[in-house]
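Colleague: Sharing a structure below in C-alpha cells format, with a few things to ask.
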Amino acid sequence: MTCLFAASFMTITPYTPQQFLILAKAQVSVPEKISILKRLTDNFPLDSATKKSEEQLENLLINTNRYEEALQQYRKDHPETGTGNVLDFKLLEMLLRTGHYNDVLRITATTSRPNRDFLRDMNLLELCTQALLAKGQYRLAREGVDQWLHVYERDGMPGTRFEADVHSIQFLHRHLQTLERTQGPKGKAIFTASVPDSLQHWSQRQDVPIVFFKLIPTHPGGQLHEPLLAGRHAGNNYFEDRVSDLNRGFSYLSGDRFSLQFAGMHTLYIREGDMDPESSGGHLLTSRVYAHTIPELYKLAGEAFVVLIDYREQADGEAAYMGDGIIHISASKLQTLVLMHEILHGLGATHQEWNALEAQGYKFDPEDRGLMTFDHGEILDLGLEEKNRALLGWPQVGVVRPAFEGSSTITEGLKHLGYAVADREPVTPTQAPAPQTISSSELLPAL
C-alpha cells in the first residue's frame, strides 16, 4: 500500500530533493529505495541532497548484487582511478568484482608509484594477481610477485612490522611457481575472489557434486584435541549423512530447485604456511591460490563443491569461501547451517550490510534476516533476503531460527538418534514436514 501511494503521489506532486530522500529512507523495500534515489539523482543532479545520497545509492546497489549498476553510478563522480598515494582502490575493487580484468591490469600497470609504500603496493599486488589468475595467466602472476618481493622482501625480517605479510607473499610465490610448473604458464581461469556470475547457474540444478577432504597436519602435534574432531575418524557414511542434512535444508530454502550429491571423501596432508588463517599470519589470497595447486582440487574447482575440513589447531573456528566452489572450514565448525552458509556464498549469495545505512535513518524490513545472522559466533537466523532470492531464482520462505541443545525436544531427539549433544547436529526425521504447514521457528529439526 505504501509503495502504491508513493508512486501515485509522485506522479501528482513535484518532490523536493529532501522529500525524495525522506521517502527513500522510509521505504522498507530495497528496490523501492533504489528507484526513489535514482529519481532524485536524475531530477536534481547538482543539489547537495543528491550528492549526499549518491554514495547511499551505490551501497544499496552493491548490497543487492547489482554490481554493474553500482560501477556505472560510482564512475559518474569518480571517472579517474587516481595516482600515487590517492589511488582509488574502491573503483579497482568494483572493476575486479564485475569481471573487468583487463581494465584492472591496464590501470595498475600505468599507475605512478611512490618510492616505498608497503600496504598500498601489497593491495595493488593482490588486485593484479587476482585479475591475472582470472585470465589464467600463471606466469605473469608469478613474475609480478617476483618484482614485489625484490622491493619488499627485506621488510619481512624477523621481528619487523610486516614480517607475517611478507612471509605470506613468499608462500604465494611458491604456490604460483607450483601452478606454473604443473599446469604451464597459462591454464584455466582461477577465481580467488568474486566471480561475476559466481556459481549461480548451479542454483537451479539437482545433485550438484560435493566432495570432502580432511586436511591433516604433517606434524600430528598440530591437530585439534580429540573431542573437537567432528568426523576425523569417520568414513563415507558420516559425510553422506551430512549431505542429507544439507539437502533437507536446501530443499526448503530453494523450493526443491537445488540439491547436492555426495561425491567422495579423501584425506590431504598440509604444511604450516600453505593455508593459514589470518589470525595466525596468513593471507586469504595465499590460501586460495594454494587450494588450486593441489592436483585433485585443481580438477574439481568450478566443477563441484569442495569442502576442506581443517583439523589443525590454528585453524579452529575458521570458515571461509575460497572461490570456485572451494570451502575451507575447521573441524569445530563442521555444522549443517555453517556449511549451508558457505555453499550459499558459492552460489552467489552475499551478506546484507545495512548497518551504515540504518545509522543514517534508512528503514528496512525487520523480518528480513539476510543470508545469516550471528551473535558471538552462534547462528541466530538462516534466510535469504530478496536480493539473494532474485539472484538464485528461489521462492520466498520463512527464516529458519535454530534452537540447539537448549531445547529439550531436540536434545531427546539427538539422544534417540545416537548423536552426542555436544556435536550440535540437528535431528534427522524420517520425513521432512511440508514447508507450508510448519512455522520457521520449528524448522531446524528438519534440516
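The values are calculated or read from the model by the stated rules, or taken from the named source; none is laboratory data. Treat the numbers as computed from the prediction; the structure is a model and nothing was measured. We place every Cβ from the backbone using ideal geometry, glycine too, and count neighbours over all the protein chains shown. Areas reflect the complete protein model, heavy atoms only, side chains present, ligands, DNA and RNA absent. Shrake-Rupley method; radii C 1.70, N 1.55, O 1.52, S 1.80 Å.
Colleague: Go through (1) within 22 Å of His201 (Cα to Cα); (2) touching a residue at least 60 places away in the same chain (Cβ under 8 Å); (3) out of contact with any helix residue (DSSP H, G or I) (no Cβ under 8 Å at 6 or more places or on another chain) and name the single condition Trp354 misses.
Modeller: (1)
Colleague: Looking at the range 288-297, can you tell me whether even one residue there is free of Cβ contacts under 8 Å to residues at least 12 places away in the same chain, open to solvent by 10 Å² or more (accessible area, probe 1.4 Å) and under 25 Å from Leu127 (Cα atoms)?
Modeller: No.
Colleague: Only one of Leu61, Leu133 is open to solvent by less than 10 Å² (accessible area, probe 1.4 Å), more than 30 Å from Glu358 (Cβ to Cβ) and within 23 Å of the chain's Cα centre (by Cα); which?
Modeller: Unique residue meeting the criteria: Leu133.
Colleague: Tally the residues that are out of contact with any helix residue (DSSP H, G or I) (no Cβ under 9 Å at 6 or more places or on another chain) and closer than 17 Å to Leu268 by Cβ, restricting the search to the range 298-336.
Modeller: 3
Colleague: Let me ask another. Can you confirm whether Leu371 is among the aliphatic types (A, V, I, L, M), surrounded by fewer than 20 Cβ atoms within 10 Å (Cβ to Cβ) and under 17 Å from the mean Cα position of the chain (by Cα)?
Modeller: Criteria met by Leu371.
Colleague: Right, another one. Scan the range 331-348 and give yes if some residue there is of a type outside the set (Ser, Thr, Tyr), part of a loop (DSSP other than H, G, I, E, B) and out of contact with any strand residue (DSSP E or B) (no Cβ under 9 Å at 6 or more places or on another chain), otherwise no.
Modeller: yes
Colleague: Taking Phe305 as meeting all but one of (1) assigned to a strand (DSSP E or B); (2) over 18 Å from Ser254 (Cα atoms), write down the number of the exception.
Modeller: Result: Phe305 fails condition (2) only.
Colleague: State whether the residues of the range 177-186 include one that is in a loop (DSSP other than H, G, I, E, B), charged (D, E, K, R) and within 26 Å of Gly99 (Cα to Cα).
Modeller: no
Colleague: List every residue pair whose Cβ atoms sit under 6 Å apart, with the two residues 6 or more apart in sequence or on different chains, where the first one lies in the range 30-52 and is in contact (Cβ under 8 Å) with a residue 40 or more places away in the chain and the second, anywhere, is buried (at least 17 other Cβ atoms within 10 Å of the Cβ) and among the hydroxyl-bearing types (Ser, Thr, Tyr).
Modeller: Going by the 6 Å Cβ cut-off, the qualifying pairs are Val30/Thr64.
Colleague: Here is a follow-up. Residue check, Leu57 against (1) touching a Pro at 6+ places or on another chain (Cβ under 9 Å); (2) over 30 Å from Arg154 (Cβ atoms), all met but one. Which one?
Modeller: (1)
Colleague: Restricting attention to the range 18-38, which residues are under 29 Å from the mean Cα position of the chain (by Cα) and open to solvent by 10 Å² or more (accessible area, probe 1.4 Å)?
Modeller: Scanning the range 18-38 gives Lys25, Val28, Ser29, Val30, Pro31, Glu32, Ser35, Lys38.
Colleague: On to the next question. Please list, ordered by first then second residue, the pairs with beta carbon atoms under 6 Å, 6 or more apart or interchain, first in the range 366-391 and part of a loop (DSSP other than H, G, I, E, B), second open to solvent by 40 Å² or more (accessible area, probe 1.4 Å) and modelled with pLDDT under 75.
Modeller: Correct list of pairs: Gly383/Arg369.
Colleague: Identify the residue in the range 335-385 that is at pLDDT 75 or above and among the hydroxyl-bearing types (Ser, Thr, Tyr) and, among all such residues, is farthest from Met322 (Cα to Cα).
Modeller: In this case the residue turns out to be Tyr362.
Colleague: Which numbered condition trips up Gly99, out of (1) assigned to a helix (DSSP H, G or I); (2) touching a residue at least 24 places away in the same chain (Cβ under 8 Å); (3) closer than 23 Å to Lys135 by Cβ?
Modeller: Every listed condition holds for Gly99 apart from (1).
Colleague: Name the residues in the range 164-173 that are surrounded by fewer than 18 Cβ atoms within 10 Å (Cβ to Cβ) and either without any contact (Cβ under 8 Å) to a residue 12 or more places away in the chain or within 15 Å of Thr293 (Cβ to Cβ) (or both), would you?
Modeller: Gln170
Colleague: Being open to solvent by less than 50 Å² (accessible area, probe 1.4 Å), β-branched (Val, Ile, Thr) and modelled with pLDDT under 90 narrows it down to one residue among Val208, Val195; which is it?
Modeller: Checking each option against the conditions leaves just Val195.
Colleague: Out of Arg113, Arg97, Arg142, which single residue is at pLDDT 90 or above, open to solvent by 40 Å² or more (accessible area, probe 1.4 Å) and among the charged types (D, E, K, R)?
Modeller: Only one candidate passes the filter, namely Arg142.
Colleague: I would also like to ask the following. Restricting the search to the range 323-362, which residues are within 12 Å of the chain's Cα centre (by Cα), among the β-branched types (Val, Ile, Thr) and more than 17 Å from Glu385 (Cα to Cα)?
Modeller: Ile326, Ile327
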